[in-house]
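The values are calculated or read from the model by the stated rules, or taken from the named source; none is laboratory data. On a predicted model such as this, the values are computed, not experimentally measured, just so you know. Here the Cβ positions follow ideal geometry from the backbone for every residue, glycine too, while neighbour counts run over all protein chains shown.
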Amino acid sequence: MDTIERILALQEQDGITNKELEKVAKLANGSITNWKNRRYFPSVSAIVNLAQYFHVTTDYLLCLSDTTNHQDVWNSITHEDQLLLDGYHAATPQGRFRIIQVCMNERDNALISKEEPVNAG
């Protein structure tokens, strides 16, 4: 499923016409039809407006997540995740950069260790 298919599924679920959806999402007339025919794709502002209208996350509409609401995302955060976020938000810009560097290095190390063959020795 892609972004357009998700939008159309939500539209069908709500039983809203193309014209009604274009109006509430502040879209040009014919936008939905153009998306259906793959002539155009939704703009960033359209994605934001539609996410607000349908009460879903933009990540859901962009197919970056299967979680439709923000509360579900926050409920999935562990205590350790929250500590990291708190530390990141409290840090200076330089500190935030260092936190990102450490996280990226750790991620790279984890990926490398997964690729290394197991020693049968």
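Some values worked out for this structure:
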quantity: Filter result for H89 (exposed (fewer than 14 other Cβ atoms within 10 Å of the Cβ), free of Cβ contacts under 8 Å to residues at least 60 places away in the same chain, assigned by TED's automatic domain parsing to the domain that holds I16 and under 21 Å from the mean Cα position of the chain (by Cα)); calculated: no
quantity: Residues of segment 10-48 satisfying the condition of being of a type in the set (A, V, I, L, M, F, W, C), closer than 18 Å to L62 by Cα and loosely packed, with under 12 Cβ neighbours inside 10 Å; calculated: V44
quantity: Residue check for K19: basic (K, R), assigned to a helix (DSSP H, G or I) and free of Cβ contacts under 8 Å to residues at least 40 places away in the same chain; calculated: yes
quantity: Residues (of a type outside the set (D, E, K, R) and either outside the structural domain of D59 (by TED's automatic domain parsing) or not in a helix (DSSP H, G or I) (or both)) located in segment 22-47; calculated: A25, L27, A28, N29, G30, N37, Y40, F41, P42, S43
quantity: Selection count, segment 49-86, where residues are within 20 Å of Q11 (Cβ to Cβ), surrounded by 12 or more Cβ atoms within 10 Å (Cβ to Cβ) and either at pLDDT 85 or above or of a type in the set (G, A, S) (or both); calculated: 15
